[in-house]
Amino acid sequence: MATFSINAQRAVTPSETLKIEGKIKAEKIFSLSNLDAFPKIAIADQTLYNHKGKVKSTVKGIKSVLLKTVLESTEFIYDKPKELNEFYFAFTATNGYKVVFSWNEIYNTEAGNNFYIVTEMEGKKIKDMDQRILFISTADLKSGRRYIKALEKIQVKRIE
């Protein structure tokens, strides 16, 4: 008799902190209360679409912090500004789910003005949300791919 175990998706453990590390001068760790203390921006309800463009769900009552505001105090390690073209950010959730963004995408495109850390959603404050730290891109066409639940780490890397 054979026993099979199928895990289509690993469970998401709530994130309690957001760590920023890598090619930066000093590692940063933000607690839930640190993130909640940033100035908040209310954003419109968001319909999340899967990779095929089909509706997955809708999130409502969102208050958030612009990602660039959270990253504002981060000092990157580089010699010349053109080297920033070689930087990318690996966002990682507690279950290992990863999404990659380039430095230019965050800082040099309109898309970067639509990247948020969610601090309140559907009437729940960040400390009461099921996965705690959420990331959302409100400019994506297929938004579910980069809707990150239980975000725990942003690694700043450089192409070698």
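The values are calculated or read from the model by the stated rules, or taken from the named source; none is laboratory data. Since the model is a prediction, treat every value here as computed from it, not as a measurement. Here Cβ is always computed from backbone atoms with ideal geometry, including for glycine, and neighbour counts include all displayed protein chains.
Couple of notes before you dig in:
- Filter result (of a type outside the set (Asp, Glu), surrounded by fewer than 19 Cβ atoms within 10 Å (Cβ to Cβ) and over 24 Å from LEU141 (Cβ atoms)) within region 75-115: PHE76, ILE77, TYR78, LYS80, PRO81, LYS82, LEU84, ASN85, ASN95, GLY96
- Test: residue in region 93-103 that is assigned to a helix (DSSP H, G or I) and either of a type outside the set (D, E, K, R) or over 14 Å from LEU18 (Cα atoms) (or both): yes
- Residue in region 130-139 that is farthest from ASN95 (Cα to Cα), counting only those that are surrounded by fewer than 22 Cβ atoms within 10 Å (Cβ to Cβ) and touching a residue at least 40 places away in the same chain (Cβ under 8 Å): THR138
- Hey, THR74 touching a residue at least 60 places away in the same chain (Cβ under 8 Å) and more than 14 Å from the chain's Cα centre (by Cα) or not: yes
- Unmet requirement for PRO81, which otherwise passes all of (1) within 11 Å of the chain's Cα centre (by Cα); (2) more than 28 Å from VAL55 (Cβ to Cβ): (1)
- Qualifying residue in region 70-90 (condition: at pLDDT below 95 and in contact with a strand residue (DSSP E or B) (Cβ under 8 Å, 6 or more places away or on another chain)): yes
- Selection count where residues are at negative phi and either in contact with a Gly (Cβ under 8 Å, 6 or more places away or on another chain) or surrounded by fewer than 20 Cβ atoms within 10 Å (Cβ to Cβ) (or both), scope region 116-125: 4
- Selection status of LYS157, within 12 Å of the chain's Cα centre (by Cα), at pLDDT 90 or above and not aromatic (Phe, Trp, Tyr): no
- In region 24-35, the count of residues that are touching a helix residue (DSSP H, G or I) at 6+ places or on another chain (Cβ under 8 Å), surrounded by 14 or more Cβ atoms within 10 Å (Cβ to Cβ) and polar (S, T, N, Q) is zero.
- For region 54-74, a tally of residues being surrounded by fewer than 20 Cβ atoms within 10 Å (Cβ to Cβ), assigned to a helix (DSSP H, G or I) and β-branched (Val, Ile, Thr) returns 1.
- Any hit, region 28-36, residues being closer than 15 Å to THR119 by Cβ, at pLDDT 95 or above, of a type in the set (A, V, I, L, M, F, W, C) and outside any helix (DSSP H, G or I): yes
- Hits in region 135-160 (condition: in a loop (DSSP other than H, G, I, E, B), farther than 20 Å from VAL12 by Cβ and among the hydrophobic types (A, V, I, L, M, F, W, C)): ALA139, LEU141, ILE159
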